[in-house]
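The values are calculated or read from the model by the stated rules, or taken from the named source; none is laboratory data. This one's a predicted model, so the numbers in the text were calculated from it and none came from an experiment. Cβ coordinates were reconstructed from backbone atoms using ideal geometry, including for glycine residues, and neighbour counts include every protein chain displayed.
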Ligand SMILES: Nc1ncnc2c1ncn2[C@@H]1O[C@H](COP(=O)(O)OP(=O)(O)O)[C@@H](O)[C@H]1O
Ligand SMILES: [Mg+2]
């Protein structure tokens, strides 16, 4: 049952909020924020919403835990993420962190509605996104890719870029997403793209990476300097965005398979095609058009620029947007060889430097061997 709470800790360990009630100034002032909290979810309520966290309601499992589809008492449909990874914060910090996540609202970020801390349980409640992720759609079978015409792809790419520019450049302190990939871009009922798992990495100890190992393609999104040294900056997100941009236009995953050449990296392929002036051959054949060739070439070049080996050559997200829109002429910008992690030797170096890595990271490394 929902209830109003004003003094959080004296009442309950469950909470929810609407971002409009928390100002930017409040973010970070843990307890202060909690005084503004209303409409608490209880564990019991979420249990009812998900039919007892029933397996038939389960919609997925990721690096942080299981996700269930649920229906709240007010009839709204939500995605309930039951976190399985131990958080680094106490209840109070955990909640103030989440409050600041909810405060960072943007039309291209999945809205965090609230959550619940109850005993060992830490649960996040998000708006439910009806149309799956880019992974299942734009990178899926021909039939589903065909539903994304050029204009829609361009708008999807720009929407993602805008949300990233927002968390990188408009929020103080800025936030690095760390896990930009096709399966973290969800589509709402109108097929608007929404970045999910935003801010989540901040909840967990640095030695627990949430970069999942189950999709081998995840490797294809990793900025080399992040994979090798663990050094994380906004430019690591820019790198992942570049890979995603190439994927959206080409309709192929970052690590793809071709009957003639076998497994290949999209970034590498794009670099080859750029050098031989054949970039357009990479555009998803289901798009089947000539009208947008100039724009497609431009976006592919922006993709390549975002995956440059040297992080400082990669554009900031706001600059990438200007380039995508043609407001900055990309033809004047020199594009060099992109960076790419394809061999385990690089990662061995990184592993040595990051001595206290968790099981999840070790799992990731062994995944790398398989590639
Ligand atoms: N808000 C949401 N609405 C609909 N589906 C979601 C939502 N959040 C996550 N999912 C789905 O749940 C699955 C697992 O998500 P997640 O735990 O974030 O793992 P990952 O990001 O590694 O794919 C994904 O397939 C995703 O599509
Ligand atoms: Mg996710």
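Values as computed for the structure displayed
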quantity	calculated
Unmet requirement for residue 164, which otherwise passes all of (1) within 16 Å of ligand 2 (Cβ to nearest atom); (2) modelled with pLDDT of 95 or more; (3) farther than 19 Å from residue 319 by Cα	(3)
Qualifying positions in segment 161-184 - surrounded by fewer than 19 Cβ atoms within 10 Å (Cβ to Cβ) and assigned to a loop (DSSP other than H, G, I, E, B)	171, 172, 173, 174
Matching residues in segment 133-160 - criterion: being within 16 Å of ligand 2 (Cβ to nearest atom), within 15 Å of the chain's Cα centre (by Cα) and buried (at least 18 other Cβ atoms within 10 Å of the Cβ)	133, 134, 135, 160
Which numbered condition residue 100 fails, given (1) away from ligand 2 (no atom under 15 Å from the Cβ); (2) touching a residue at least 40 places away in the same chain (Cβ under 8 Å); (3) on the phi > 0 side of the Ramachandran plot	(3)
Filtered residues of segment 135-158 (kept if within 16 Å of ligand 1 (Cβ to nearest atom) and in a helix (DSSP H, G or I))	144, 156
Pairs where the first residue, in segment 169-185, is under 28 Å from residue 132 (Cβ atoms) and free of Cβ contacts under 8 Å to residues at least 60 places away in the same chain and the second is part of a loop (DSSP other than H, G, I, E, B) and more than 16 Å from ligand 2 (Cβ to nearest atom), C-beta under 8 Å, 6+ apart	178/232
Members of segment 54-72 that are part of a loop (DSSP other than H, G, I, E, B) and under 18 Å from the mean Cα position of the chain (by Cα)	63, 64
